[in-house]
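Report on one structure; see the data block that follows.
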Amino acid sequence: MPLRSPICTVEGHVDHGKTSILDKIRGTSVAKAEAGAITQAIGASIIPLETIKKVSGKLLDTLNIKLTIPGLLFVDTPGHAAFTSLRKRGGNLADIAIVVIDINEGIMPQTQEAIEILKSYKTPFIIALNKIDLIKGYKKTDGPLLKKIESQDGAVKKQIETKLYEIVGELHNLEFESERFDRVNDYTKQIALVPTSAETGAGIPELLMVMTGLAQRYLGDKLECDSKSPARGIILEIKEEKGLGKTLDVILYDGCLKINNTFVIGSLGEPIVTKVKALMQPSPLQEMRDKKTKYKSVKEVTAATGVKISAKDIDDAVAGMPIHSTSEDNMEKIKEKVQKEVKEVLIQTDKEGVIVKADTLGSLEAVDNLLKEKDIPIRKATIGDITKKDMTEAESMYETDPLQTVVLGFNVKVSPKAETFVKSSKAKIITDDVIYKIIENLEKWQEAEKKRQEAKQLEGITKPCRIKMLGKGYIFRQNNPAVFGVDILEGVLKAGTPLMKENGSKVGIVKSIQLEQETIERAEKGQQVAISVPGITIGRQIEETDTFLSDIPEEDFRKAKKLKEHLSQEEKNMLKKIAEIKRKENPVWGI
């Protein structure tokens, strides 16, 4: 069976040069090949093997393998991490990937995220160490990459080596072994690093050579493609096109799709069944994202390629969903097969947990994978913007677990109705276009919320305090209730606090506190206030020079002990003293 072009994605941190590398690959290919050799498809650039041979030249001879792949299909994914939507049954749609790292900055959060997702899909990748031309003292020279590096001054060569091995070290910490491409002993065990410059083109021929060799040697069976079989693909984007209405930008990875073919689109509900009205591709060498790009109608397309499909009844179609063409006889079987693919990447949810929203099915799966690594449970996971309903569902978790009262959004917006609900809601919204940042921000919020909730629990328990009667001149009423002045020596005295003497004998409960004839709820250390205590008579149960401690209930003491990180050292010391008094009567009190 003939082989199709391997599907390649270019990933990495923002500003590290993903688009520039892709543009340079395309630009170099166009410059070195005859006009029209590179084909633009929807969201993809097809670079034929002949073009790669012209760009990489004799470098391909070093591979010592017979090249039978027709070329490389570079998928130009819109926006960061959109490649996670390129999901098919059994793995990532991308057969191979280039991860771009700025050699001067090293691995950043988005780089790590891309690597983790590729790892989870078992997608082989190589690394382009971009921007070598920005290393201080670097001189632009001719010849192959290794010759360019060798011709640099000693200090520049040393810098290139140092920066390269710093990244080798960072990758080792992520459990990947790596080496410069010409020093790799085993491509199945080591990631190849190719120094590049998207600006000057240095390393681009070597990058294409390594990609081609890896794809040919290790992808083999994965690339077998029957051009006569039914089409299989993934929706990359859904767009409104003037005169056509809603259209699907699709990457076709198997088979052939023709006008009037019936096809099935996977869905979170019932699968969508429709017919191809029109198939369109941009004119050769035109950038498909350019609004001025003219499309040409084609009667059929064969994998692997990108194509724009016009069809009826696709309002509910979602990016990342699989499509399969089918005949009427095979319809039910294909519908079942497509839905099985969708179910494979649908999230297993728990009874409790956070709410997750993402822009595509693949993105949702990527978020799910990384949340599960952190043992963060998911109650509900769906595609689309954050709605008021999501907020309400998250809020319903508040009584069970306030730390899970949160909606996480990846590459999505908050709907206007949800936005107006945010201020009054107990639910927290955390959104970002970097999954790691969402998880980091969730963990930070949970930590802060945990402290807030614990501090709130402390508010409801009897606080430790020590107070002393002010003496004879400050006895305002001897009993029924006794009213007298006290000095707050330590801690906080709240209305409702039970008091005991320093020997542990019970006194009574503080009914009210007054400061300058105003009733207050609490008095702090250093304040002198009048308190009323029913059920006692001054001169009988208590004397005018007595010192009292709060008579903390045993359950409150246990709670305070659990939340001791929120207590001051003074409060901890008082709790210790109270426990010592109580344990004279009951040795296991508070334990």
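The values are calculated or read from the model by the stated rules, or taken from the named source; none is laboratory data. Bear in mind the structure is a predicted one, so any value in this text is a computation, not a measurement. Positions of Cβ are generated from backbone atoms using ideal geometry, with glycine treated the same way; all protein chains shown enter the neighbour counts.
Here are the numbers for the structure shown:
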{"quantity": "Unmet requirement for GLU116, which otherwise passes all of (1) in a helix (DSSP H, G or I); (2) out of contact with any helix residue (DSSP H, G or I) (no Cβ under 9 Å at 6 or more places or on another chain)", "calculated": "(2)"}
{"quantity": "Which numbered condition LYS357 misses (of (1) surrounded by 22 or more Cβ atoms within 10 Å (Cβ to Cβ); (2) over 14 Å from the mean Cα position of the chain (by Cα))", "calculated": "(2)"}
{"quantity": "Matching entry among ALA394, ALA381, ALA418, ALA366 (being crowded, with 20+ Cβ neighbours inside 10 Å and outside any helix (DSSP H, G or I))", "calculated": "ALA381"}
{"quantity": "Members of region 441-467 found to be within 30 Å of GLU116 (Cβ to Cβ) and in contact (Cβ under 8 Å) with a residue 60 or more places away in the chain, listed by number", "calculated": "LEU442, GLU443, LYS451"}
{"quantity": "Check on VAL434, within 24 Å of ALA319 (Cβ to Cβ) and touching a Pro at 6+ places or on another chain (Cβ under 6 Å)", "calculated": "yes"}
{"quantity": "Wholly within region 192-273, strands (runs of 3 or more DSSP E) carrying at least 3 residues that are of a type outside the set (Lys, Arg) and either surrounded by 15 or more Cβ atoms within 10 Å (Cβ to Cβ) or at pLDDT 90 or above (or both)", "calculated": "232-241, 245-254, 262-265"}
{"quantity": "Positions within region 147-164 being surrounded by 15 or more Cβ atoms within 10 Å (Cβ to Cβ), in a helix (DSSP H, G or I) and free of Cβ contacts under 8 Å to residues at least 40 places away in the same chain, in sequence order", "calculated": "VAL156, LYS157, GLN159"}
{"quantity": "Sole residue being over 23 Å from ASP359 (Cα atoms) and crowded, with 20+ Cβ neighbours inside 10 Å, chosen from ILE475, ILE467", "calculated": "ILE467"}
{"quantity": "Counted residues, region 349-363 - those being at pLDDT below 80 and outside any helix (DSSP H, G or I)", "calculated": "2"}
{"quantity": "Residue under evaluation VAL510, criteria (1) under 25 Å from LYS577 (Cβ atoms); (2) touching a residue at least 40 places away in the same chain (Cβ under 8 Å), criterion not met", "calculated": "(2)"}
{"quantity": "Selection status of VAL194, more than 19 Å from PRO48 (Cα to Cα) and either outside the structural domain of SER327 (by TED's automatic domain parsing) or out of contact with any strand residue (DSSP E or B) (no Cβ under 8 Å at 6 or more places or on another chain) (or both)", "calculated": "yes"}
{"quantity": "Test: residue in region 44-54 that is modelled with pLDDT of 85 or more, more than 36 Å from the chain's Cα centre (by Cα) and buried (at least 24 other Cβ atoms within 10 Å of the Cβ)", "calculated": "no"}
{"quantity": "Residue match in region 325-348 (condition: among the hydroxyl-bearing types (Ser, Thr, Tyr), in contact with a Cys (Cβ under 9 Å, 6 or more places away or on another chain), surrounded by 22 or more Cβ atoms within 10 Å (Cβ to Cβ) and not in a loop (DSSP other than H, G, I, E, B))", "calculated": "yes"}
